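Take a look at the structure below.
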Amino acid sequence: QVRLVESGGGLVQAGGSLRLSCVASGRTRGRQMAWFRQAPGKQREFVGAIRWHDRWTTYGDSVKGRFTIATDNAKNTVYLQMYALKPEDTGVYSCARKDGLGADHVAHTYDFWGQGTQVTVSS
């Protein structure tokens with residue numbers, strides 16, 4: 001059974017930083033992992049993705065240069081390091097796992113999802 005558990009969310013002031021973690025369990029790790037976020041009243045937004053085997057990464061335009069995704073393969077954990085946070089970064093951040101192919105930024109191409117962790121950035 002695949003399970004994704006996020007942690008690390010919280011309240012931070014604008015300009016601050018935060019690191020989220022996603023621990024993945026299951027018989028296999030799948031092909032790649034991603035972070036998405038959703039603010040109240042808005043559509044889910046792609047934050048970034050990383051492949052397990054070569055650590056290749058891609059990011060959404062709104063977070064490029066501020067956020068970094070990394071993995072600890074030994075711990076089956078994916079991290080989202082967030083710097084220079086803005087109030088518009090507020091939302092529920094969820095990690096997701098993709099086993100097959102498909103566009104990296106498209107949510108429905110991911111097969112498994114965590115419950116999410118709330119990030120609130122105050123101005």
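The values are calculated or read from the model by the stated rules, or taken from the named source; none is laboratory data. This is a predicted model, so every value here is computed, not measured. Don't worry about glycine lacking a Cβ; one is built from the backbone with ideal geometry, like all the others, and counts go over all protein chains shown. With ligands, DNA and RNA removed, areas are computed over all heavy atoms of the protein, side chains included. Shrake-Rupley method; radii C 1.70, N 1.55, O 1.52, S 1.80 Å.
Of the strands (runs of 3 or more DSSP E) that lie entirely inside segment 1-47, those containing 1 or more residues that are β-branched (Val, Ile, Thr) span 3-7, 10-13, 18-25. In segment 31-44, which residues are out of contact with any His (no Cβ under 9 Å at 6 or more places or on another chain) and open to solvent by 30 Å² or more (accessible area, probe 1.4 Å)? Hits for segment 31-44 are Gln38, Pro40, Gly41, Lys42, Gln43, Arg44. Screening segment 1-30 for residues that are hydrophobic (A, V, I, L, M, F, W, C) and farther than 16 Å from Asp72 by Cα and picking the one that is most open to solvent (accessible area, probe 1.4 Å) gives Leu11. Quick one: would you say Trp52 is open to solvent by less than 30 Å² (accessible area, probe 1.4 Å) and more than 21 Å from Gln118 (Cα to Cα)? So Trp52 passes the test. Considering only segment 58-70, I want to know if a residue exists there that is modelled with pLDDT under 95 and open to solvent by 40 Å² or more (accessible area, probe 1.4 Å). So far as segment 58-70 goes, no, none of its residues is modelled with pLDDT under 95 and open to solvent by 40 Å² or more (accessible area, probe 1.4 Å).
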